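*Asks:* Input: one structure, supplied below.
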Amino acid sequence: MSSFKKIFTLSILTLTTFISTPFSISYANTLELTININKQCIMCHKKNGKMFGIHSSNSLELRCQNCHREKEGHPRKKSSLIKFSDDSLNTAEEQTAVCTTCHNSDDLIEVDWTHAVHSNKVNCAKCHQLHTETDPVIAISTGERRQLCVNCHESR
Amino acid sequence: MNPFHFDSLVWHWPIAIYLFLAGISAGAICFAVLLKHFKLGQNAYKSSFVQAACLLAPLAVFSGLGILVLDLTKPFDFWKILVFYNPTSIMSVGVAVLMIYQVALFSWLACLFKEPISNWCDHRWPLIDRILSLLDKHEPTITGLLVMLALSLGAYTGFLLSALTTFPMLNNPVLPMLFLVSGISSGAAGTLLGGLLLKGNPDSKEVHFIHHIEIPIILFELVLLFTFFIGLIISGGQSQAAALTALGEGFWGWIFWAGIIVIGLTLPLAFNLFMTASSKRKLSYVAITASCSLLGVLLLRNFILYTGQMTVA
Amino acid sequence: MENKRRLFLKCACATAVGAVGSTKLIAAQSDTKTDTTEAEVNYALIHDETKCIGCEVCVDACRETNNVPEGVSRLEIVKTGPFGEYPDQYFSFSRKSCQQCDGTPCVNVCPTGAAYKDPKTGIVSVDSWKCVGCMYCIAACPYQVRFINPVTKAADKCDFCKETRLKEGKSPACVAACPTKALVFGNLKDPDSEIVKVLKTTPNYRRKTELGTRPKLFRIATKSGEIKL
């Protein structure tokens, strides 16, 4: 059983390596990621729950619950789980608050000024993806980056 | 702020050198004219100081123009400045002045050296004799024109910068006058130094004459510098900011106070007064005074050019 | 002595003639400058800073349309800020490009006439062939928007896409690209144009008018972060 699991993970990992940009750091290849052995979540979320991004690094000692909160009654009864996306039940402000518990707003603004004007209006997942091996918005070209602004701000 | 590299900097040191050389040329030829008319007369060409001035004036103006052309982004297109003119452009007017100045300069030099030239030619080329006699007939006109053009050239070096409304420190009515006067004093210093190199007597009447003029010129230069900066400071706003940045602490502050005020003006003034009082001139005294003066003017050009471009209106 | 007096008189006469001549020339020059006020078209631009989001799509569009090499730029958006307390912060954006002055410091200083104001459109332009690269115009521009194009070695700057899109009857690249319609381009001489309507109804400002530049880049001010004294 475990050998089958290993082959399965490996094949997924090679797949993601091919898809991801050439200069990405392959954490997933080199590390046994403890976050993905989180039985409480992965039992069901084998497909959509796996985590390969920089936040999955073992040294960070993050669990799914650190960001998504405790499962409580999930999936059948009431829970306070957070979904990070546009169709989340939580407001953008509630979603960004989770990220900014660790990420200092000043640092974010220094890296990209747009953080200053969007943090209470747009959820982080609108631009960032943490589960993929690399966050696609990091290596984006300036042209694509500017198009992102246009996508929302275009006046018709 | 790096003293030689900052965002608003457009013109670098080659322009300062060019302004320096144009000033020297204008100043040197003025002194050659003065020496001829007031001290030496027809034998002026025999004086090593006049010879030095006559060598310095064309050489300085040529090398200055050379530097200016090399500093263009398209040096091989420099002829377009000579072909196309824009009467509102100080640079264009200045180029015209420079061209006529060179004609007047060589005409006057021909008048000055007509004896050695005709001796050397020995009537072999009648054309040259005719040109010389024609120039000789009009010598007063040529001299008057030359002095006017030389003064225009000296003032032009200042007008070139003072036309820039972008920079409140450069856009200053005193600047052309300051550059003209400092150009004349650099011409005096260049003439003295060149004359000494050509084995001139450091206690000759030429040196006495030049030193006699140099003292009021240095005093006037100090007054102009004072007016220049006080004028800026009491104008307030960005003019004041520009003056205070220039004179305050930092690299250019040192250049101004130590290089221009002390070495360039105070030391030559003190030496001149001392030499006038002791009425005996030694080669080393004259040479050191002239070198200080020259260095001071060169520093002044660079100081004004760089600090002038630091503060934008 | 006689000679000297004559010399002095000659000098004085020459100076007088020279002075009269030069003032005549300058007067003639200022006559030609009023030409554009009689032309039918005088293009101008409004940058509505309340609508600008600082995305810099205009910068890319300009570079692409006018083949502006990397490292230099005809158009920049200058950001200031953030103002206010996180997370309610905002920036203000200012357009840095040729202000298309009516009283042109760059044209006045250009020794060859390479910098000129197009009499038909009122657009300040550069004849890159005539330009020798003395950089006098770059120093003379109070808005510091001129640069040496590393390819042509001539001075370069925004010309409202005069040689590219305007020729095809289109609006400048930045205006067309702006996602928030923060840029309004048009003819000041046409009383029915959008630009004239906006200028007449909206408070606007221009930069460094005290230098006599009469710029034609109008700006509509956004709420600024602080009151500067």
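*Asks:* Here is a list: C:CYS158, C:CYS174. Which entry is surrounded by 20 or more Cβ atoms within 10 Å (Cβ to Cβ), in contact (Cβ under 8 Å) with a residue 60 or more places away in the chain and outside any helix (DSSP H, G or I)?
*Replies:* Details: C:CYS174 fails: outside any helix (DSSP H, G or I).
Checking each option against the conditions leaves just C:CYS158.
*Asks:* As an exercise: evaluate B:PHE271 against (1) more than 18 Å from B:GLU221 (Cα to Cα); (2) crowded, with 17+ Cβ neighbours inside 10 Å and give the number of the one condition it does not meet.
*Replies:* Looking at each condition in turn, B:PHE271 falls short on (1).
*Asks:* If you scan the range C:94-130, which residues turn out to be within 7 Å of chain B (Cβ to nearest Cβ) and either without any contact (Cβ under 8 Å) to a residue 60 or more places away in the chain or among the aromatic types (Phe, Trp, Tyr) (or both)? Quick ask: steps written out before the conclusion?
*Replies:* Filtering the range C:94-130 down to residues within 7 Å of chain B (Cβ to nearest Cβ) leaves C:105, C:108-113, C:130.
If the condition is that a residue be within 7 Å of chain B (Cβ to nearest Cβ) and either without any contact (Cβ under 8 Å) to a residue 60 or more places away in the chain or among the aromatic types (Phe, Trp, Tyr) (or both), then C:ASN108, C:VAL109, C:CYS110, C:PRO111, C:THR112, C:GLY113, C:LYS130 are the ones that fit.
*Asks:* Hey, another quick one. Residues B:GLY154, B:GLY94: which one is more than 14 Å from every other protein chain (Cβ to nearest Cβ) and within 30 Å of B:GLN240 (Cβ to Cβ)?
*Replies:* Working: B:GLY94 fails: more than 14 Å from every other protein chain (Cβ to nearest Cβ).
Testing whether each residue is more than 14 Å from every other protein chain (Cβ to nearest Cβ) and within 30 Å of B:GLN240 (Cβ to Cβ) leaves just B:GLY154.
*Asks:* Which residues, counting only those in the range A:67-84, are modelled with pLDDT under 90 and at negative phi?
*Replies:* Those that are modelled with pLDDT under 90 and at negative phi: A:GLU70, A:LYS71, A:GLY73, A:HIS74, A:PRO75, A:ARG76, A:LYS77, A:LYS78, A:SER79, A:SER80.
*Asks:* Answer with yes or no whether B:LEU132 is closer than 30 Å to B:ALA44 by Cα and over 20 Å from the mean Cα position of the chain (by Cα). Show your work before the answer.
*Replies:* On the way: closer than 30 Å to B:ALA44 by Cα: yes; over 20 Å from the mean Cα position of the chain (by Cα): yes.
When the stated conditions are applied, B:LEU132 passes them.
*Asks:* At least 3 residues that are surrounded by fewer than 17 Cβ atoms within 10 Å (Cβ to Cβ) and of a type outside the set (Ser, Thr, Tyr) in each: list the helices (runs of 4 or more DSSP H) lying fully within the range A:51-147 that qualify. Please lay out each step first, then the result.
*Replies:* Values: elements: A:64-68, A:92-100, A:105-111, A:114-118.
The helices (runs of 4 or more DSSP H) meeting that bar are A:92-100, A:105-111.
*Asks:* Going through the range A:98-140 one residue at a time, which ones are small (Gly, Ala, Ser) and facing chain C (nearest Cβ under 10 Å)?
*Replies:* Across the range A:98-140, the qualifying residues are A:SER105, A:ALA116, A:SER119.
*Asks:* Let me ask something else about it. Quick one: how many residues across the range B:68-88 are crowded, with 18+ Cβ neighbours inside 10 Å and in contact (Cβ under 8 Å) with a residue 40 or more places away in the chain?
*Replies:* Of the residues in the range B:68-88, 2 are crowded, with 18+ Cβ neighbours inside 10 Å and in contact (Cβ under 8 Å) with a residue 40 or more places away in the chain.
*Asks:* On to the next question. Which count do you get for residues in the range C:172-188 that are of a type outside the set (Val, Ile, Thr) and within 13 Å of chain A (Cβ to nearest Cβ)?
*Replies:* Within the range C:172-188, the subset of a type outside the set (Val, Ile, Thr) is C:172-174, C:176-179, C:181-183, C:185-188.
Okay, now just the ones that are also within 13 Å of chain A (Cβ to nearest Cβ), so C:174, C:176-179, C:181-183.
Looking only at that region, the number is 8.
Conditions (1) within 14 Å of another protein chain (Cβ to nearest Cβ); (2) at pLDDT 90 or above, marked per residue:
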residue: B:GLN102; (1), (2): no, yes
residue: B:ASP129; (1), (2): no, no
residue: B:MET148; (1), (2): yes, yes
residue: B:LEU164; (1), (2): yes, yes
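*Asks:* Continuing with this model, one more query. Got at least one residue in the range B:10-19 being modelled with pLDDT of 95 or more, more than 14 Å from chain C (Cβ to nearest Cβ) and either farther than 30 Å from C:PHE147 by Cβ or part of a helix (DSSP H, G or I) (or both)?
*Replies:* Yes, the range B:10-19 has at least one match.
*Asks:* Quick test for you: out of B:TYR18, B:TYR85, B:TYR45, pick the one residue that is hydroxyl-bearing (Ser, Thr, Tyr) and farther than 26 Å from B:SER162 by Cβ. First the steps, then the outcome.
*Replies:* Working: B:TYR18 fails: farther than 26 Å from B:SER162 by Cβ; B:TYR85 fails: farther than 26 Å from B:SER162 by Cβ.
Going through B:TYR18, B:TYR85, B:TYR45 in turn, the sole match is B:TYR45.
*Asks:* Okay, moving on. In the range C:125-145, what count of residues is obtained for those that are surrounded by fewer than 23 Cβ atoms within 10 Å (Cβ to Cβ) and closer than 19 Å to B:HIS12 by Cβ?
*Replies:* Number of matching residues: 4.
*Asks:* While we're here: Any residue in the range C:132-150 that is of a type in the set (D, E, K, R) and closer than 24 Å to C:VAL78 by Cβ? Lay out the reasoning, then the answer.
*Replies:* Within the range C:132-150, the subset of a type in the set (D, E, K, R) is C:146.
This time we only want the ones that are closer than 24 Å to C:VAL78 by Cβ, so: C:146.
The answer is yes; a qualifying residue exists.
*Asks:* Since B:PHE78 meets every condition but one in (1) over 24 Å from B:ALA290 (Cβ atoms); (2) within 16 Å of the chain's Cα centre (by Cα), which condition does it not meet?
*Replies:* Checking B:PHE78 against (1) over 24 Å from B:ALA290 (Cβ atoms); (2) within 16 Å of the chain's Cα centre (by Cα), the one that fails is (2).
*Asks:* Can you name every residue in the range C:72-101 that is part of a loop (DSSP other than H, G, I, E, B) and at pLDDT below 95?
*Replies:* First, pick out the residues of the range C:72-101 that are part of a loop (DSSP other than H, G, I, E, B): C:72-75, C:84-89, C:97-101.
Across the range C:72-101, the qualifying residues are C:GLY84, C:GLU85, C:TYR86, C:PRO87, C:ASP88, C:GLN89.
*Asks:* Could you figure out which of (1) closer than 16 Å to B:ASN171 by Cβ; (2) at pLDDT 95 or above; (3) of a type outside the set (D, E, K, R) isn't true of B:VAL223?
*Replies:* Unmet for B:VAL223, out of (1) closer than 16 Å to B:ASN171 by Cβ; (2) at pLDDT 95 or above; (3) of a type outside the set (D, E, K, R): (1).
*Asks:* Taking B:GLY231, is it at pLDDT below 95 and over 20 Å from the mean Cα position of the chain (by Cα)? Step through it out loud before you land on a result.
*Replies:* On the way: at pLDDT below 95: no; over 20 Å from the mean Cα position of the chain (by Cα): yes.
When the stated conditions are applied, B:GLY231 does not pass them.
*Asks:* Further, regarding this structure: Can you confirm whether C:ASP60 is touching a residue at least 40 places away in the same chain (Cβ under 8 Å), within 20 Å of B:PRO87 (Cβ to Cβ) and not aromatic (Phe, Trp, Tyr)? Break it down stepwise before answering.
*Replies:* Details: touching a residue at least 40 places away in the same chain (Cβ under 8 Å): yes; within 20 Å of B:PRO87 (Cβ to Cβ): no; not aromatic (Phe, Trp, Tyr): yes.
For C:ASP60, the condition - touching a residue at least 40 places away in the same chain (Cβ under 8 Å), within 20 Å of B:PRO87 (Cβ to Cβ) and not aromatic (Phe, Trp, Tyr) - is not met.
The values are calculated or read from the model by the stated rules, or taken from the named source; none is laboratory data. Remember, it's a predicted structure, so these values are computed and weren't measured experimentally. As a convention, Cβ positions derive from the backbone with ideal geometry for all residues, glycine included, and neighbour counts pool all protein chains shown.
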